[in-house]
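This report refers to the structure that appears directly beneath it.
The values are calculated or read from the model by the stated rules, or taken from the named source; none is laboratory data. From a predicted model like this one, the values you see are computed outputs, not experimental measurements. Cβ sites come from the backbone with ideal geometry, for glycine too, and all protein chains shown count toward neighbours.
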């Protein structure tokens with residue numbers, strides 16, 4: 001479980017997160033949603049120690065972020081940041097191999113190579129494995145980054161808007177892989193999503209942020225309705241229910 | 001990751017070329033007593049190679065921690081700072097005072113001062129604004145000019161006789177070195193290289209960028225500080241032996257990226273070191289022995305390196 005207590009974060013005069021508390025259940029797909037500037041990325045970055053904790057506490061199982069050594073945390077939790085500008089000449093296999101760094105520290109064992117091969121297979125990158133990143137499309141590159149995160153083999157995976165640059169086929173394929181990782185490999189996935197319909201369709205648990213606080217948390221069916229969309233995004237849209245999943249008519 | 005991906009063939013070719021250049025340097029145009037020639041040229045060759053590797057390694061390290069391929073320690077004014085420190089020392093303590101410290105004492109003091117100054121100046125700069133390339137370049141240019149102007153100001157005020165103490169450090173020359181410092185300098189460079197080799201995997205991870213490196217469990221600040229320390233020491237040693245070599249580092253590391261494209265420092269450290277030595281030894285042989293030219297090698301290297309710098313900058317601006 002990821003447990004966040006009384007998290008406050010300020011950038012200059014602006015309060016990004018305000019006394020935010022939250023529990024993210026283990027073994028589920030949790031979607032973080034909210035309007036632009038609600039603090040989703042900041043929350044994710046703080047959980048993944050990409051930003052320095054100002055006030056509050058974050059526990060991952062029993063490891064406290066900020067007190068736990070960096071390399072120990074890297075075996076427990078991985079993050080795919082929103083904007084990575086990676087060395088464009090890396091090949092996909094080289095990139096994915098870096099995912100094993102927390103375990104191998106640069107000295108890859110046969111087990112590490114197997115894990116890399118598995119990540120490449122699961123993310124459907126076998127044919128692209130020896131291509132350089134700058135020769136790939138945006139969606140393919142994004143998949144390569146996810147494969148690196150997969151190879152890191154952590155209980156918790158955090159992804160910040162991984163569907164950017166992806167078409168519908170690539171987006172659905174990635175969401176299915178994430179669901180499968182959760183269902184069959186016991187991974188806990190926390191994902192920031194722009195498109196509320198992807199959250200409704202694939203998440204077990206939706207966390208809505210507004211003005212640096214948790215607005216609502218629950219199953220998509222509990223959370224997503226017309227009133228919710230009006231409150232969070234300020235837009236009037238109809239919500240239909242199909243197979244126990246809410247869908248926003250866009 | 002790991003040694004498997006090394007471009008062995010290209011590295012071997014580079015090594016072979018370097019060996020040929022070294023043989024040519026030692027033998028072409030030598031007359032008279034071989035014992036003397038070998039000892040005399042051997043010491044020069046050692047100095048050239050030591051400086052070559054020090055410059056390529058410090059440049060590669062700096063580009064890794066500063067996250068770009070345009071800046072180098074000398075563009076940021078590291079060696080200008082070293083020269084300034086020496087000049088200020090002559091200015092305030094006087095040549096006699098410096099002599100009483102002895103060459104080693106003086107060198108140690110200079111290196112320690114450069115270490116402190118670079119942590120203060122460049123450390124904060126990389127930590128705070130490392131991602132802002134324009135700011136880094138501007139700051140580097142301004143700092144470099146400031147250090148050089150202060151140096152020339154102080155030089156004008158000191159006794160011309162004392163100026164001799166500064167001369168070797170202020171102009172790059174592959175013909176006149178500080179021989180007293182050569183052997184201790186070589187030992188220090190070897191120690192630095194050995195250390196850099198032990199942190200090569202950590203450097204690989206750092207070169208992926210801050211967020212990714214943190215995600216992979218690497219302590220970015222610690223590696224940046226270690227690298228900065230090594231850079232300051234390498235710059236001190238190479239500047240003390242031959243003087244500042246402005247664009248050599250940029251030139252050789254850019255060529256290394258072309259000849260052996262690789263994300264791994266194991267490969268890049270070796271290839272940039274080999275290329276650096278090849279350019280210096282080969283160039284020196286050609287200029288000195290074959291063409292009998294009087295233009296110093298450093299001038300040509302700076303000319304070509306300067307062009308590379310402009311090209312890289314224009315390329316970057318176009319994006």
Which of the residues belonging to segment A:116-127 are away from chain B (no Cβ under 13 Å) and either surrounded by 16 or more Cβ atoms within 10 Å (Cβ to Cβ) or not in a helix (DSSP H, G or I) (or both)? A:119, A:120, A:122, A:123, A:124, A:125
Among the candidates B:5, B:50, single out the residue that is closer than 27 Å to residue B:264 by Cα and modelled with pLDDT under 90. B:5
With criteria (1) more than 20 Å from residue A:22 (Cα to Cα); (2) in contact (Cβ under 8 Å) with a residue 40 or more places away in the chain, residue A:167 comes up short on (2)
Taking the conditions exactly as written (touching a strand residue (DSSP E or B) at 6+ places or on another chain (Cβ under 9 Å), within 14 Å of another protein chain (Cβ to nearest Cβ) and farther than 30 Å from residue A:214 by Cα), does residue A:102 satisfy them or not? yes
Are any of the residues in segment A:73-93 surrounded by fewer than 17 Cβ atoms within 10 Å (Cβ to Cβ) and in a helix (DSSP H, G or I)? no
Which of the numbered conditions does residue A:236 fail, given that it passes all the others? Conditions: (1) modelled with pLDDT under 90; (2) surrounded by 21 or more Cβ atoms within 10 Å (Cβ to Cβ); (3) outside any helix (DSSP H, G or I). (2)
Restricting segment A:54-63 to residues that are part of a loop (DSSP other than H, G, I, E, B) and at pLDDT 90 or above, the one nearest to residue A:115 (Cα to Cα) turns out to be A:61
Can you tell me how many residues in segment B:9-28 are at pLDDT below 90 and surrounded by fewer than 12 Cβ atoms within 10 Å (Cβ to Cβ)? 0
Counted residues, segment A:149-193 - those being part of a loop (DSSP other than H, G, I, E, B) and either at positive phi or touching a strand residue (DSSP E or B) at 6+ places or on another chain (Cβ under 8 Å) (or both): 9
Considering every residue within segment A:37-48, establish whether at least one is surrounded by 20 or more Cβ atoms within 10 Å (Cβ to Cβ), within 14 Å of chain B (Cβ to nearest Cβ), part of a loop (DSSP other than H, G, I, E, B) and out of contact with any helix residue (DSSP H, G or I) (no Cβ under 6 Å at 6 or more places or on another chain). yes
Pick from B:106, B:120, B:81, B:115: which is free of Cβ contacts under 8 Å to residues at least 60 places away in the same chain, touching a helix residue (DSSP H, G or I) at 6+ places or on another chain (Cβ under 8 Å) and not in a loop (DSSP other than H, G, I, E, B)? B:106
So which residues in segment B:288-303 are in a helix (DSSP H, G or I), closer than 28 Å to residue B:71 by Cβ and more than 16 Å from the chain's Cα centre (by Cα)? B:300, B:303
Residues of segment B:205-223 satisfying the condition of being in a helix (DSSP H, G or I) and either facing chain A (nearest Cβ under 7 Å) or farther than 21 Å from residue B:60 by Cα (or both): B:205, B:211, B:212, B:214, B:215
Just to be sure I understand the filter: pairs with C-beta atoms under 6 Å, separated by 6 or more residues or on different chains, first member in segment B:283-296 and farther than 17 Å from residue B:18 by Cα, second member assigned to a helix (DSSP H, G or I) and at pLDDT 80 or above. Which pairs pass? B:293/B:287
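Matching residues to (1) more than 13 Å from every other protein chain (Cβ to nearest Cβ); (2) under 18 Å from residue B:206 (Cα atoms):
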position: A:73; (1), (2): no, yes
position: A:76; (1), (2): no, no
position: A:110; (1), (2): no, no
position: A:114; (1), (2): yes, no
position: A:129; (1), (2): yes, no
position: A:132; (1), (2): no, no
position: A:137; (1), (2): yes, no
position: A:141; (1), (2): yes, no
Take the residues in segment A:182-240 that are free of Cβ contacts under 8 Å to residues at least 12 places away in the same chain and in contact with a helix residue (DSSP H, G or I) (Cβ under 7 Å, 6 or more places away or on another chain), then tell me which one is farthest from residue A:36 (Cα to Cα). A:236
Among A:66, A:27, which is the only one that is in a loop (DSSP other than H, G, I, E, B), in contact (Cβ under 8 Å) with a residue 60 or more places away in the chain and away from chain B (no Cβ under 12 Å)? A:27
Out of B:199, B:184, B:231, which single residue is in contact with a helix residue (DSSP H, G or I) (Cβ under 8 Å, 6 or more places away or on another chain) and within 14 Å of chain A (Cβ to nearest Cβ)? B:199
Could you list, in sequence order, all residues of segment B:301-314 that are modelled with pLDDT of 80 or more and surrounded by 11 or more Cβ atoms within 10 Å (Cβ to Cβ)? B:301, B:302, B:303, B:304, B:305, B:306, B:307, B:308, B:309, B:311, B:312
For segment A:81-99, what are the residues that are more than 9 Å from chain B (Cβ to nearest Cβ) and at pLDDT 90 or above? A:92, A:93, A:96
Given (1) surrounded by 17 or more Cβ atoms within 10 Å (Cβ to Cβ); (2) closer than 23 Å to residue A:207 by Cα, where does residue A:25 come up short, assuming only one miss? (1)
